[in-house]
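Right, one structure below, let's go through it.
The values are calculated or read from the model by the stated rules, or taken from the named source; none is laboratory data. Since this is a predicted model, take the numbers as computed values, not measurements. Note that each Cβ is placed from the backbone with ideal geometry, even for glycine, and that neighbours are counted across all protein chains shown. Surface accessibility is based on the protein's heavy atoms, side chains included, excluding ligands, DNA and RNA. Shrake-Rupley method; radii C 1.70, N 1.55, O 1.52, S 1.80 Å.
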Amino acid sequence: MDKIKAHTQEEFNTFMSQLLETIANLGFYTDFAKCHANVNKIAMRLNALNYLIGKDDIAAAVHDLWEENPQVFTTLDILIGVRTKDKKLSFNRESEIQLIEEFFTSAEGVVEFIQDTGLEKVFRNKQITNLVDYVFGVEVGLDTNARKNRSGHIMEEQVACILTNANVAFKQEVYSREFPEVYQALGVDSKRFDFVVKTPVKTYLMEVNFYSSGGSKLNEVARAYTELAPKVNACEGYEFVWVTDGKGWESAKGKLEEAFYTIPSIYNLTTFHEFVNTLKA
């Protein structure tokens, strides 16, 4: 690995042809344990809100429940697929913009929320029979937003498995400040590398990712690593390694190609064994 060889157009075309459509298994699609945990945190308040189901006079029922425990209404936002932490906004009946959570600071605000979202009809007609079960379904739906992060984790697991099976020692999530020469070369911002592999010859600092779909982020990632690699490789005894895969790169082929010619050690899951074999040589 000491002698760095430039990549060719033919090698890039081969690299692109090897990109995988997915690395997902069936467990990738929904994290049921996380969904259950999220529901369990608010289950008591949801059970209290079940009081509203089937009531003809929702406004009166809200006021009765408010007198008993106004805190139960703080969970209403999840019924429309919104999390309080996201700070979503809406117009109120006075045409003023306010945070959705601000509707839950008074019984009148709660009634307005339930009526204007359409929940009043849903409650009255018993289209929902149990809010705990309903919110579990909402959580499953919202969990789809986490799939991109899970793709990255699965990719890391794949790389870790390959290294482990090859008896290659490695560390994960290591910050650049642990390597003074690299830290100085990259500037004051501490960079976290996904993997670090140390050999008697070199220390390899690795980034790992997988993109099943395209987007502007891919261009940014390719550009960032194109700038990062020469800085790391200029430090004696260090080399930057990028392991990436996924058909999403077809939407950012141009930037990936630039990176391919700039970064000597760039691999996908098909070619990663080539790098691993050099470590064992």
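Largest first, the residues Y211, Y183 sort by 1.4 Å accessible area into Y183, Y211. Could you tell me which residue out of T164, V174, G152 lies farthest along the dipole of the range 148-194 toward its positive end? Charges go on the beta carbon: Lys and Arg +1, Asp and Glu -1, centred on the Cα centre. Selected residue: G152. Rounded to the nearest 10 degrees, the inclination of helix 131-142 to the longest alpha-carbon principal axis of the chain is 30 degrees. Largest accessible area first, the listed residues E274, E108 line up as E108, E274 when surface is computed with a 1.4 Å probe on the assembled protein chains.
Couplings for the range 190-200, taken from phi via the Karplus curve 6.51 cos²θ - 1.76 cosθ + 1.60 with θ = phi - 60°, read 7, 9, 9, 9, 5, 9, 9, 10, 9, 10, x Hz in order; Gly and Pro are left as x.
The overall shape of the range 1-147, judged from the alpha-carbon gyration tensor, is prolate: a/c is not under 1.5, and a/b is greater than b/c.
In sequence order, the range 49-64 has phi-based couplings of 5, 4, 4, 6, 5, x, 6, 6, 9, 5, 4, 5, 5, 4, 5, 5 Hz under the Karplus curve 6.51 cos²θ - 1.76 cosθ + 1.60, θ = phi - 60°, and Gly or Pro positions carry x.
What number comes out for the charge environment of G27, summing +1 per Lys or Arg and -1 per Asp or Glu over other residues with Cβ under 14 Å away?
Its environment carries a net charge of 0.
Restricting attention to the chain, close to 50% of DSSP beta bridges with both partner residues there are antiparallel.
Applying 1/(1 + (r/R0)^6) with r as the Cβ-Cβ distance of E11 and Q115 and R0 = 51 angstrom yields a FRET efficiency of 0.25.
For the range 158-244, rounded, prolate or oblate, judged on the Cα gyration tensor with a ≥ b ≥ c (square roots of eigenvalues), a/c < 1.5 rounded, else prolate if a/b > b/c? Oblate is the answer for the range 158-244, as a/c is 1.5 or above yet b/c matches or exceeds a/b. Going by the alpha-carbon gyration tensor, a ≥ b ≥ c the square roots of its eigenvalues, is the range 102-163 rounded (a/c under 1.5) or, if a/c is not under 1.5, prolate (a/b greater than b/c) versus oblate? Prolate is the answer for the range 102-163, as a/c is 1.5 or above and a/b outweighs b/c. Shown is the FRET efficiency for T271 and D133, computed with R0 = 45 Å from the Cβ-Cβ distance and rounded to the nearest 0.05: 0.45. Per-residue ellipticity at 222 nm, computed for the chain from helices alone with -39500 (n - 2.57) per DSSP H run of at least four residues, works out to -14500 deg cm²/dmol.
With R₀ fixed at 35 Å, the C-beta to C-beta distance from S216 to R93 puts the FRET efficiency at about 0.40.
Pair-distance distribution of the chain: all C-alpha pairs, bin width 5 Å, starting at 0; shares per bin in whole percent are 1, 5, 10, 12, 12, 11, 8, 7, 7, 8, 7, 6, 4, 2, 1, 0.
Sequence-ordered 3J(HN,Hα) estimates for the range 247-257 from the Karplus curve with 6.51, -1.76 and 1.60 and θ = phi - 60° stand at 5, x, 5, 5, 7, 10, 4, x, 5, 5, 5 Hz, glycine and proline given as x.
Inverting the pair-averaged 1/r between distinct Cα atoms of the range 211-281 gives 12.8 Å as its Kirkwood hydrodynamic radius.
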